[in-house]
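For reference, the structure discussed in these notes is given below.
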Amino acid sequence: MSRYEDARAQYADWGVETEAALSALAEIPISLHCWQGDDVVGFETRTGASGGGIQATGNHPGRARNPQELRADLDFAYGQIPGTHRLNLHAFYLDTDAAPDRDAIELTHFQSWIDWAKEKNHGIDFNPTFFAHAKADDNLTLSHPDQGIRDFWIEHGKRAREIAAGIGKALGSASVNNIWVPDGSKDTPVDRMAARQRLEAALDAMMATGFARAQLIDAVESKLFGIGVESMTVGSHEFYLGYAIRREIALCLDMGHFHPTENVADKLSAVWLSVPELLLHVSRPVRWDSDHVILLDDSILQMAQELVFADLLKRTHIGLDFFDATISRTAAWVIGTRNMQKALLRALLLPQTRLKAAEAALDFSARLMITEEAKDLPYGAIWQEFCARQNVPDGLSLISELERYQSKVAMRR
């Protein structure tokens, strides 16, 4: 009997069908974030650094310097990750010799990304870029008191939505267009209401044009605080939760955008009851929103279990959001994405029926016993089988592949 067949039999004793779990996992796409590959620099010729509360630390060799290098790195990363996945693309990763200002970007500036995605069978999600720009130096964009600056960013947001819809139409897969702005105040403000009213009005103007759901899914993303906005963030969780409910759009929950003691997994079922769709940005905050590569830790396991047990996957879009320039950038993509998949697989392999029955009967002793004993089941054998069926390496073979590719790109400077 093979290792997998032995593990399959053990899970069957608990009423878990491993084949069903493997089939379900293969159908869950994860949106890899392009900005891990170049330290959130982007490809605008007139700029060259992140800003607006965003900072990547480290100078590991091999940063992608142009769209071609970034796509090559992504191709490698996707090749080490089982399944078929998506790309999360920011607006300042346009591919053109002469980048226009952000209020003049067009779909043509992203045609090479569309062509690549068609060839590789990836969907593309999108984001307007409201940072790393002279008109964001005050850490104010859509809520800026200056109407001219607001108009600039409103136009950028309109064009980003048009581009996202065009991408979704071209690829036959709806593009999730996620809106995050760095707006806030370093010191204590005296008129929060005015700033939030300006943000709401700007968002309404930006999203006035409707697009087919099959092409575009709008999402809004909150944050607790950031660099330069320590005292007040205009787009707080409460602001965007209310806005998403009123406007019937998706709500983005970024795991690094809450207080370190908050359990983001606990929020999923609560907000799912009131918003049409959810977007997750999966990251690992250390003390605050430091966006570390995700581990297979309790926070990720709880997130995955909530998604599976509450049947949220059908209306939830899973994306990653971390950027670590102290380690191999391609390895970071691969490790983080595979850890999200491992967490989902472990959730799919839990004896859900037994656990829910125990809880419904208020038998919390049984719930605890089942939870702890299930940890000893041979999950690793099921993961190895998944990798083998998807023709990707695991274990020592994976480590060798990651090291080989890093040595190939280390000469980039």
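The values are calculated or read from the model by the stated rules, or taken from the named source; none is laboratory data. Just so you know, these numbers come straight off a predicted model, no measurement behind them. Methodologically, a virtual Cβ is constructed for each residue, glycine included, from the backbone with ideal geometry; neighbour enumeration extends over all protein chains shown.
At-a-glance table
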item	result
Segment 110-137 - residue that is within 19 Å of MET206 (Cβ to Cβ) and over 21 Å from the mean Cα position of the chain (by Cα) and, of those, surrounded by the most Cβ atoms within 10 Å (Cβ to Cβ)	ALA136
Test result for ILE163, part of a helix (DSSP H, G or I) and surrounded by 24 or more Cβ atoms within 10 Å (Cβ to Cβ)	yes
Subset of segment 173-188 that is assigned to a loop (DSSP other than H, G, I, E, B), in contact with a helix residue (DSSP H, G or I) (Cβ under 7 Å, 6 or more places away or on another chain) and free of Cβ contacts under 8 Å to residues at least 60 places away in the same chain - its residue that is nearest to GLU162 (Cα to Cα)	ALA174
Odd one out for ALA250, checked against (1) under 20 Å from PHE323 (Cα atoms); (2) in contact with a His (Cβ under 9 Å, 6 or more places away or on another chain)	(1)
Out of ILE217, ILE249, ILE245, ILE179, sole residue that is in contact with a strand residue (DSSP E or B) (Cβ under 9 Å, 6 or more places away or on another chain) and surrounded by fewer than 18 Cβ atoms within 10 Å (Cβ to Cβ)	ILE245
Only listed residue being in a loop (DSSP other than H, G, I, E, B), in contact (Cβ under 8 Å) with a residue 60 or more places away in the chain and either under 26 Å from PRO276 (Cα atoms) or not basic (Lys, Arg) (or both), chosen from LEU142, LEU203	LEU142
Top-ranked residue in segment 369-379 [being without any contact (Cβ under 8 Å) to a residue 24 or more places away in the chain and surrounded by 12 or more Cβ atoms within 10 Å (Cβ to Cβ); ranked as nearest to GLN302 (Cα to Cα)]	THR371
Cβ pairs under 6 Å, 6+ apart, first in segment 6-25 and more than 21 Å from ASP311 (Cα to Cα), second surrounded by 20 or more Cβ atoms within 10 Å (Cβ to Cβ) and among the basic types (Lys, Arg)	none
Residue among HIS156, HIS133 that is under 23 Å from CYS252 (Cβ atoms) and either touching an Asp or Glu at 6+ places or on another chain (Cβ under 7 Å) or of a type in the set (A, V, I, L, M, F, W, C) (or both)	HIS156
Options ASP75, ASP103; residue that is surrounded by fewer than 21 Cβ atoms within 10 Å (Cβ to Cβ), modelled with pLDDT of 95 or more, in contact with a Lys or Arg (Cβ under 8 Å, 6 or more places away or on another chain) and within 30 Å of ALA24 (Cβ to Cβ)	ASP75
Filter result (touching an Asp or Glu at 6+ places or on another chain (Cβ under 7 Å), over 22 Å from TRP272 (Cβ atoms) and not in a helix (DSSP H, G or I)) within segment 304-351	PHE322, PHE323, ALA325
Residue within segment 388-401 that is among the polar types (S, T, N, Q), under 26 Å from the mean Cα position of the chain (by Cα), surrounded by 12 or more Cβ atoms within 10 Å (Cβ to Cβ) and in a helix (DSSP H, G or I) present	no
Inter-residue pairs, beta-carbon under 6 Å, first more than 9 Å from LEU94 (Cβ to Cβ) and in segment 104-117, second outside any helix (DSSP H, G or I) and of a type in the set (Val, Ile, Thr), 6+ apart	ALA117/ILE124
